[in-house]
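Before any comments, here is the structure.
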Amino acid sequence: MVTGASDFTPSSSNSNPAQQRFDFSVNSTLRILITANQYKYCSEALRLLNEKLQMPHEITKEFARLQANRIRQPEMASSCTVAFHSVNKSKNRYTNVVPFDDNRVVLNSCKDYRLSANGYINASFISTPSPENISKFISTQGPLPHTFEDFWEMVIQYRCPVILMLTRLVDNFKTVKCGDYFQAEDGPREFGKISIVTKWLQTTETSLVLRNMEVNYKESDEPPPSVLHIQYPEWPDHGVPTDTFAVREIFKRLYNVPVNPSPIVVHCSAGIGRTGAYCTIHNTIQRILLGDMSALDLVNTISIFRSQRIGMVQTMEQYLFCYKAIVDELNDLISEFLGGSNAGRYACSARFH
């Protein structure tokens, strides 16, 4: 595996949550203003990616190569022993999507106090071996009702400032894709020893649902840390959105979130298809802005992600969508730099104290 759980340090019980407060205002304007060097990086990346998009057969071959090298279900048994342990099987939404032992998220405090549970939650640390100022992620499944408390324990323990939810609770076929672990508009919701409160709720023009939440242990005397919850319900399971606007708005909203030490939680239903696509888009754009042209090798990036969680980016359609979203965002960044007409399209501001 590329990234182990030891690379991520959870918060200690003595840490001050007030130091991780996340203040978010939807009414002010956030523009990503790039430097002259970043303009050069974006221009070069855009030229190369546009050339690639003129050769769709090459993109098809790339994804075929990814699929040919994917980890097969029988190969997972020896690498996912904790996930497949009898005490943990019921915690998996899908029996064929579970975390590897080497980079699974481990909960110090867990609702399941049985020693053999090993602090298990169906969640994986996801990153590339990039510079320190690249976001890290926790890729996880849509929580099940009996894992809600463990999910929020993970958010507190690893000081996660943002949760990105890329699914509806129930899809158009009336299939449950995720449990309702987050709606708390009518007052505090309690999950065991944890309480969550929604401070405000807003829906954007691109159908993103934004919640500013306070999450804390019920018995804690410390100020509750704030968590930004972003739901994009219009991204269909196994498919892609009709355009890239909302996904790129998410990137813009998360651009100023400090990347260390806290990972961004991303989930859909299984935590691999839509989740893998977003992580690829976000990671690639960040690396391009740092001048890392190896980021243009999406096959390599997704191969790394798949070594950390099985099946990241599930379909050819999702793979092509990654290319399109990256190209659209590079065009937008260049337009901003040149004083184009896109200035101020995205209204948000993110600040840490």
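We did not get these values from a lab; they are worked out from the coordinates using the rules stated. Worth saying up front: this structure is predicted, and the values here are computed from it rather than measured. Counting neighbours? That spans all protein chains shown, and the Cβs are built from the backbone with ideal geometry, glycine included.
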Exercise for review: Would you mind finding the longest exposed-site-free stretch of the chain, with exposed GluC sites (Glu not before Pro) meaning DSSP loop and at most 12 other Cβ atoms within 10 Å?
Suggested key: 220-353
Check your understanding: How long are the three semi-axes of the equivalent ellipsoid of segment 134-285, in whole Å, if each is the root of 5 times an eigenvalue of the C-alpha gyration tensor, listed from largest down?
Key -> 24, 18, 14
Check your understanding: Whose amide H sits under 5 Å from the amide H of residue 194, counting only residues 5 or more places off or on another chain, with H placed in the peptide plane?
Key -> 218
Review point. Using the scaling law 2.2 N^0.38 Å as the reference, what is the normalised Cα Rg of segment 94-216?
Key: 1.13
**Study point:** Cα-only radius of gyration and Dmax that characterise segment 27-70, units Å
**Key:** 16.4, 47
Practice item. List 87, 257 from most exposed to least, where exposure is judged by having the fewest other Cβ atoms within 10 Å. Key: 87, 257
Study note, to complete from the structure: Cα extents of segment 22-121 per principal axis, largest first, Å, are 55, 44, 22
Exercise for review: In Å and from the alpha-carbon atoms only, list the Rg and Dmax of segment 201-320.
Suggested key: 15.8, 49
Check your understanding: Which residue, 113, 39, 217, has the most motion in a Gaussian network model of the chain that connects Cα atoms within less than 10 Å?
Key -> 113
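When DSSP assigns beta bridges and you keep just the ones with both residues in the chain, what percent turn out antiparallel, to the nearest 5?
Numbers: 29 of 40 bridges.
Of the beta bridges lying entirely in the chain, close to 70 percent run antiparallel.
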Study note, to complete from the structure: Fewest to most Cβ atoms within 10 Å: 238, 267, 229, 57 sort as 57, 238, 229, 267
Practice item. Match the structure shown to one of the listed values (1) 0.95; (2) 1.04; (3) 1.08 of Rg/Rh (Cα atoms, Kirkwood Rh), computed from it, and give that label. Key: (1)
Review point. Between residue 174 and residue 108, how many nm apart are label points set 7 Å from Cα along the C-beta direction?
Key: 4.6
Point to revise | Amide hydrogen neighbours beyond the local backbone of residue 264, cut-off 5 Å, H modeled | key: 136, 137, 138
Review point. If you average the sequence gap of Cα pairs under 8 Å that are 6 or more apart and divide by the length of segment 137-203, what percent do you get for the contact order?
Key: 30
Revision key, fill the gap. Full extension between residue 209 and residue 133 adds, at 0.36 nm per residue less the Cα distance, a length in nm of 24.7 nm
Check your understanding: When 209, 98 are ordered from fewest to most other Cβ atoms inside 10 Å of their Cβ, what list results?
Key -> 209, 98
Study note, to complete from the structure: In nanometres, the difference between 0.36 nm per residue of separation and the alpha-carbon distance of residue 300 and residue 51 is 87.8 nm
Review point. Among all the aspartates and glutamates, which ones have a C-alpha under 17 Å from residue 61's C-alpha, if same-chain residues fewer than 8 places away are not counted?
Key: 51, 297, 317
Practice item. Let me have the 222 nm mean residue ellipticity of the chain computed from DSSP H runs of 4+ only, each contributing -39500 (n - 2.57), with the sum over all residues rounded to the nearest 500. Key: -9500 deg cm²/dmol
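To the nearest 0.05, what FRET efficiency results for residue 185 and residue 218 with a Förster distance of 25 Å applied to their C-beta separation? If you can, show how the numbers build up before the last one.
Values: r = 19 Å, r/R0 = 0.76.
The formula returns an efficiency of 0.85 here.
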**Study point:** 26 Å Cα-Cα reach of residue 40 towards lysines, excluding residues that sit fewer than 8 places from it in its own chain
**Key:** 52, 136, 252, 324
